[in-house]
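A short reminder: the numbers here are calculations on the coordinates, not readings from a lab. Quantities reported herein were computed from a predicted structural model and do not represent experimental measurements.
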Amino acid sequence: MMRSELSAYGWSEFFEEHFLPFAAAGYKAGRVVLEYNHLYRVYTEDGELLADVAGKLRHEAATRADLPTVGDWVALQSRPEEAKATIQAVLPRRSKFVRQAAGSRTEEQIVGANIDITFLVTSLNQDFNLRRIERYLLVAWESGASPVVVLSKADLCDEVEDKIALIHEVAHGVPVHAISVVKEDGLDELRQYFRHGQTVALLGSSGVGKSTLINHLIGRDVQKVKEIREHDGRGRHTTRHRELILLPQGGLVLDTPGMRELQLWDGGESLQQTFDDIEALAASCRFSDCQHRDEPGCAIQQALAEGEIDAARLQSYLKLQKELEHMARKQDINAQLAEKKRWKKLTRLASQRGQEKRK
């Protein structure tokens, strides 16, 4: 039986099916709407509860990605009289937005889970960058969500149509919307994406206007906004943590901290989707292992010479391809170490339980 009281937060038959064994065990379902300092705000049938993670789930997690994140549906033990709960398990994710965690460690960081639509937000001032859009498109396609490009601060640009045309050249078939929250232009076009139970994530670098857009959607100033610097059009990011917000008109929006550099995690198939024009040409190269540099019979180099593709776009493709190959090699090593660590942890736990039984 579907939990209709959770449908506004995105509950569906997919999650209902995976939740059945947990329901039989007496657990409640909930969606993580906020994560902060290892505590979670979770929406449930009993309202919003403050939740922590069960020790068993934390100990058995091989990596941070095995623990709850914003957008996850979880099975929990609810204590509504205390407005608290304990998360026992994370339900399978329909989609997840992933990046390489900050720092030198090779570790997957899930920015948001169970996202339906991804708004790739970039402003039409000095922040406008086609190469960054290509990078965000790659990650959006890999997440399993549908990307939409949102060009903010249209009131600061005199070449809006030209910029939209440039986006269409790199984002084939992806909807593009130019908006100005200040002048309330183009905002009605965004309402189609905020349907009952549908989750929209806003991704973009610092100072592009994500918080301003969210405040408009909510109808009041919930997200803090700071002025951008006049000399370069940038500003410090104002969102300190990820938060899932239920909108008055229906639908949910996930705000994320601004990311000046988005480190890739995976994306073999999404590279093909993002650069489908270059991939199509590559299929015509004389050699199947062509590196598209100076090999004879290279269809891409021929197209470049004839002006059919842009040199900067080709360089972006080759750079991202190399970055993904490098990350794949690091992940292979990291996966081996993580599996070894996991078995050590399980062996230690089994030993501890055996000692407790003998006492």
Margin query: Check which residues have an amide H placed less than 5 Å from Leu34's amide H, if you skip close sequence neighbours.
Written below: Arg41, Leu244
Item checked: Per-residue HN-Hα couplings for region 8-25 [Karplus 6.51, -1.76, 1.60; θ = phi - 60°; Hz; x = Gly/Pro] -> 5, 9, x, 5, 9, 4, 4, 6, 4, 4, 6, 8, 3, x, 6, 5, 5, 8
Next item on the list: Work out from phi, with θ = phi - 60° and the Karplus expression 6.51 cos²θ - 1.76 cosθ + 1.60, the ³J(HN,Hα) of each residue of region 194-200, listed in order in whole Hz, and give x for Gly and Pro.
Entry: 9, 9, 3, x, 9, 9, 10
Notebook entry, point to check: Can you give the Rg to Rh ratio of region 1-102, both from alpha-carbon atoms, with Rh computed by the Kirkwood formula?
Noted result: 0.94
Margin query: Going by amide H atoms built from the backbone, whose H comes under 5 Å of the H on Val111, apart from near neighbours?
Written below: Phe97, Val98, Arg99
Notebook entry, point to check: Residue-wise, which Karplus ³J(HN,Hα) couplings in Hz belong to region 159-164, taking 6.51 cos²θ - 1.76 cosθ + 1.60, θ = phi - 60°, and x for glycine or proline?
Noted result: 10, 4, 4, 5, 5, 4
Check: Over 30 Å between Cα atoms, which of Lys56/Lys322; Lys96/Lys183; Lys96/Lys153; Lys96/Lys319; Lys163/Lys183 qualify?
Finding: Lys56/Lys322; Lys96/Lys183
Next item on the list: Figure the gain on full extension for Asp310 and Ile245 (residue separation times 0.36 nm, minus the Cα-Cα span) and round it to one decimal in nm.
Entry: 19.4 nm
Check: For His18 and Ala61 in one chain, what is 0.36 nm times their gap in residues minus the Cα-Cα distance, to one decimal in nm?
Finding: 13.6 nm
Next item on the list: Name the long-range amide H neighbours of Ala178: under 5 Å, sequence gap of 5 or more, or other chain; modelled H, no Pro or chain starts.
Entry: Leu151
